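Only the coordinates and a few stated rules stand behind these numbers; no lab work does. Note that this is a predicted model, so its numbers are computed, not measured. Cβ placement follows ideal geometry from the backbone for every residue including glycine, while neighbour counts extend to all protein chains displayed.
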Amino acid sequence: MEYNVEIKEYERIDDLHRNGYLIIQDPKRFCFGVDAVLLSDFAKANKGDKVLDLGTGTGIIPILMEAKSCGEHFWGLEIQGESAEMAQRSVKLNKLEDKIEIVQGDIKELSSIFKAATFDVITTNPPYMNTGGGITNDFSPKAIARHEVLVSLEDIAREASRLLKFGGRFYMVHRPHRLTDIMCLLRQYKLEPKKLRFVQPYADKEPNMVLIEAVRSGKPMVRVLPTLVIYGEDGSYTDETIKIYYE
C-alpha cells in the first residue's frame, strides 16, 4: 500500500480505530501502550481548547485526542529528534497538519518555546521510574521513555503550571507507587488534584496505573472515580476498555 509519507526500515503502520487514523511506530525504539490510550480518553478538551502533550513520543495522545474531542489545536513536545520526526510523519499521514503540531524540544526549556498561560489543557504520559534504577548511563530511546533520565516529575509539574491558563486542566497517567510524590508536587506548583482513577489489569489484582486530573489554582477537593478494570476473567477486554479503544 502507498502512503503520502516515507515509511522507514523497521517501522510499521498501526490502525488506531478512530476516524480511520493510522500511526507510525518503530518497535526498536518505543511503541505506545494501553496507558497512552487510557489517558487520551480520560483527558478532556472542550471546543476552542489549546492542548499540549508533554513527552509525546509517537504522537499518539494528540492524534487520539483530536479524534475524540472538540479541541481547537494540539501540540506534542518531544525531546528525541527521531521520535519527533516520526510523529510529524504520522500527523502528515493522517492529514492533520492544520490541527496538530509536533515540536522537538526539552521540557526544562519550554520558556523559550511557549509563552506562559498559553494552554487550556496539558497532558503527559511521563517516564514512570525515578533515578537510581541502575541505568544512569543508559540514554536509549526505551530508557528515556521509561526512566527519568532527561526529565523529572518536578520538571513536568513546574512547566505545566507555568504554561496552563488559570483554571486550566492537567492530565497525567502514572504508577500508584509514585502517588505521594505526584500529589505533593502538583500542590506545590498550584496544580490542585481534582480526580483520581485507578486502573487494574484484572478485578482481583491491585492497581498498576492511576489517571490524574488537576486544575491550575483550583480549590481543594479530590474525587476518586470508579476503578477501571482492563481485562475480564477470560483475558479479553472488558466492555469499558473496548469502548475506549474502538469507535
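Annotations for the structure displayed:
- Between residue 223 and residue 175, the distance separating the two model label sites (each 7 Å from Cα on the Cα→Cβ line) works out to 2.9 nm.
- When only Cα pairs below 8 angstrom with a gap of at least 6 residues are kept, the chain shows a relative contact order of 16 percent.
- A Cβ-based charge dipole, computed about the Cα centre of the stretch 1-121 with Lys and Arg at +1 and Asp and Glu at -1, lands at about 260 debye.
- Dimensionless Rg/Rh of the chain - Kirkwood Rh, Rg from C-alpha atoms: 0.94
- Signed unit charges on C-beta, dipole axis of the chain, positive-most listed residue 160, 124, 173: 160
- Cα-Cα over 23 Å, subset of 50/95; 95/165; 8/28: 95/165
- Rounded to the nearest 20, the Cβ-based charge dipole of the chain about its Cα centre (Lys and Arg +1, Asp and Glu -1) stands at 1060 debye.
- Cβ-based exposure ranking for 212, 113, 122, 230, in which fewest neighbours within 10 Å come first: 113, 230, 212, 122
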